[in-house]
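The values are calculated or read from the model by the stated rules, or taken from the named source; none is laboratory data. Predicted model only: the values in this text are computed from it and were never measured. When we count neighbours, we look across all protein chains shown, and the Cβ atoms used for this are built from the backbone with ideal geometry, even at glycine. Heads up: the accessible areas ignore ligands, DNA and RNA and are worked out on the full protein's heavy atoms, side chains in. Shrake-Rupley method; radii C 1.70, N 1.55, O 1.52, S 1.80 Å.
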Amino acid sequence: MINGLRISTALALVLVASCGAGDPAERIDTKDRAAIEAIVRDYILKHPEIIPEAINGMQARDVSKLLSSNRSEIETAFPGAVAGNPKGDVTLVEFFDYACPYCRAGHADVRKLIADDPKLRVVYRDFPVLSEASGEAAMAALSAASQGKYLAFHDRMFETPGKVDRERTIAVVRASGLNEVRTAKDLTSPALKAEIAKNLDLGRALGLTGTPTYIVGDRILSGAVGYAKLAEAIAAARAAKAA
């Protein structure tokens with residue numbers, strides 16, 4: 001539970017600070033402080049909706065700072081694991097798991113965004129957290145990227161029905177025209193394992209709790225939020241760059 005007294009104290013100091021220069025604590029004696037806190041506390045009790053608004057504002061600032069400090073790592077794609085315009089003005093990053101039904105639901109939205117927005121760049125980050133089989137599929141996807149066929153594999157994995165397991169992954173490898181011998185070798189590649197580990201570490205650093213998670217501009221969107229919300233976030237990121 002949020003401590004109402006602490007919030008009222010903080011708001012009171014902010015209110016007083018807005019009245020003039022200097023340290024608010026130096027300009028408020030004990031009696032005045034108590035009176036101001038009582039007024040602000042009463043206001044909060046009558047208008048509790050300002051609490052989530054204030055918290056959301058603080059969280060938004062924290063997210064923006066977190067994303068800004070990790071921007072390069074977030075938006076630098078594994079070679080080949082990228083779609084859309086390579087020189088696009090806005091980058092949409094998707095953390096996903098092939099075994100995630102919500103990622104499957106959101107796949108068509110991302111493909112439509114790419115088709116509709118010629119200035120959009122999409123970075124795919126394999127984030128296998130659901131099963132050993134999804135981890136193996138992620139390794140096969142990175143092998144496909146190194147063979148220049150990431151999208152062929154990626155699209156088929158989401159567009160082919162059935163549970164994600166080794167048999168299905170192998171079938172998609174064949175259908176995507178990958179070199180099966182090379183892909184089999186890549187499934188144990190230390191370099192590709194390191195890439196997966198990097199994605200998982202990055203996701204934890206960003207506080208991601210599930211898939212799909214999309215990052216665009218200063219926003220993190222969790223879940224299959226739909227085409228409209230993704231398009232709105234892209235437009236906001238583009239507008240912020242132009243400002």
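Within the stretch 90-118, restricting attention to residues that are outside any helix (DSSP H, G or I), open to solvent by less than 50 Å² (accessible area, probe 1.4 Å) and not hydrophobic (A, V, I, L, M, F, W, C), the residue that is farthest from S222 (Cα to Cα) is D117.
Does T160 satisfy the condition of being more than 21 Å from the chain's Cα centre (by Cα) and at pLDDT below 95?
Details: more than 21 Å from the chain's Cα centre (by Cα): yes; at pLDDT below 95: yes.
Judged against the criteria, T160 is a match.
In the stretch 119-132, the qualifying residues are those that are part of a strand (DSSP E or B) and among the charged types (D, E, K, R), and the one that is most open to solvent (accessible area, probe 1.4 Å) is R121. Among the residues of the stretch 169-198, those that are surrounded by fewer than 18 Cβ atoms within 10 Å (Cβ to Cβ) and closer than 23 Å to A105 by Cβ comprise A171, A175.
With respect to the conditions (1) open to solvent by 40 Å² or more (accessible area, probe 1.4 Å); (2) over 17 Å from L221 (Cβ atoms); (3) of a type in the set (A, V, I, L, M, F, W, C), A144 lacks only one, and its number is (1). Of all residues in the stretch 209-232, those satisfying the criterion of being in contact with a strand residue (DSSP E or B) (Cβ under 6 Å, 6 or more places away or on another chain), closer than 19 Å to S72 by Cα and either buried (at least 20 other Cβ atoms within 10 Å of the Cβ) or in contact (Cβ under 8 Å) with a residue 24 or more places away in the chain (or both) are T213, Y214, I215, V216.
Here the stretch 74-89 is the region considered, the condition is being part of a loop (DSSP other than H, G, I, E, B) and touching a strand residue (DSSP E or B) at 6+ places or on another chain (Cβ under 6 Å), and the residue that is nearest to D155 (Cα to Cα) is A81.
Restricted to the stretch 147-168, and to residues there that are closer than 25 Å to L113 by Cα and of a type in the set (D, E), the residue that is most open to solvent (accessible area, probe 1.4 Å) is E159.
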